[in-house]
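Colleague: Input: one structure, supplied below.
Bear in mind these aren't lab numbers, they're just calculated from the coordinates by the rules spelled out. Please read all numbers here as calculations on a predicted model, not as lab measurements. Reconstructed Cβ throughout: ideal geometry from the backbone, glycine too, with neighbour counts over all protein chains shown.
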Amino acid sequence: MCSKKDDNIQEIVKQKFTEYLTAMRYRKTPERYAILNLIYTDPRHFDMETLYEAMTKSNFRVSRATLYNTMQLLVDCNLVIKHQFGKNLSVYERAYNNDLHHHLICTNCHKIQEYKGYFLTGAIQRERMKRFKPTHYNLYIYGLCNICARELKKQQNLNKK
């Protein structure tokens with residue numbers, strides 16, 4: 001069930017998207033708004049295949065071309081953030097009203113975890129950069145998740161025997 005806050009966010013992002021589409025003279029299609037709505041009902045990261053499957057499950061048929069074109073529009077108007085976490089797969093997340101966080105990426109299983117490191121966030125925000133005013137940033141930390149680290153250690157112990 002959606003809360004009043006979620007409904008308000010949905011309305012705000014819809015309005016921002018409408019303003020962008022109008023300014024850029026793009027068509028305002030039901031498919032584009034359905035994609036936006038679906039993205040803003042789930043705060044998790046997603047790839048295009050996952051989004052396509054979710055659209056199909058919600059009985060809203062869109063072509064992959066429409067999905068890719070709409071996603072580019074959403075990135076361009078700053079409603080979606082596109083990440084490249086070292087694989088040949090782009091991963092996206094909603095941008096509006098999303099808490100500042102960092103990403104922990106397992107180099108073995110490619111699992112992505114969000115990390116709200118307030119010390120890191122504070123240190124980055126306090127940093128003064130000569131002749132540069134940052135507006136936003138992404139921090140990616142690569143390593144092994146606990147599960148993969150345990151498996152690797154177990155494998156190393158077996159190899160020693």
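Colleague: I'm spelling it out carefully: the read-out is mean projected area of the Cα convex hull in nm², the candidates are [x] 12.6; [y] 10.1; [z] 14.0, and one was derived from this structure. Which label?
Modeller: So the calculated entry is the one marked [z].
Colleague: Pick from P30, P134, P43 the residue whose mean-square fluctuation is largest in a GNM of the chain, springs joining Cα atoms under 10 Å.
Modeller: Result for the chain, Cα springs under 10 Å: P134 fluctuates most.
Colleague: May I pose another question? Taking the Cα centre of region 1-59 as origin, work out the dipole magnitude from +1 charges on Lys and Arg Cβ and -1 charges on Asp and Glu Cβ, in debye rounded to 20.
Modeller: 300
Colleague: Could you work out how far apart the two model spin labels at N37 and Q10 are, taking each label as a point 7 Å from the Cα in the direction of the beta carbon, and quote it in nm?
Modeller: 0.7
Colleague: Continuing with this model, one more query. Could you list S63, S90 in order of exposure, starting from the residue whose Cβ has the fewest other Cβ atoms within 10 Å?
Modeller: So the ranking, lowest neighbour count to highest, is S63, S90.
Colleague: Moving on to the next point. Please figure out what share of the DSSP beta bridges in the chain is antiparallel and state it in percent, rounded to the nearest 5.
Modeller: Bridges in the chain that DSSP calls antiparallel: roughly 70 percent.
Colleague: Continuing with the same structure: Tell me, E127, E114, E19 in order of fewest to most beta-carbon neighbours within 10 Å?
Modeller: In increasing order of surrounding Cβ atoms, one gets E127, E19, E114.
Colleague: Suppose only helical runs count, i.e. DSSP H with n ≥ 4. What mean residue ellipticity at 222 nm does that imply for the chain under -39500 (n - 2.57) per run, divided by all residues and rounded to the nearest 500 deg cm²/dmol?
Modeller: Taken over the chain, the calculation gives -15500 deg cm²/dmol.
Colleague: At a Förster distance of 45 Å, what's the computed FRET efficiency of Q84 paired with R25, Cβ-Cβ distance as r, to 0.05?
Modeller: Once rounded, the FRET efficiency stands at 0.95.
Colleague: Okay, moving on. Going down the list K82/K154; K57/K111; K16/K111; K116/K154, which pairs span over 26 Å between their C-alpha atoms?
Modeller: In this structure, K82/K154; K16/K111; K116/K154 lie more than 26 Å apart at Cα.
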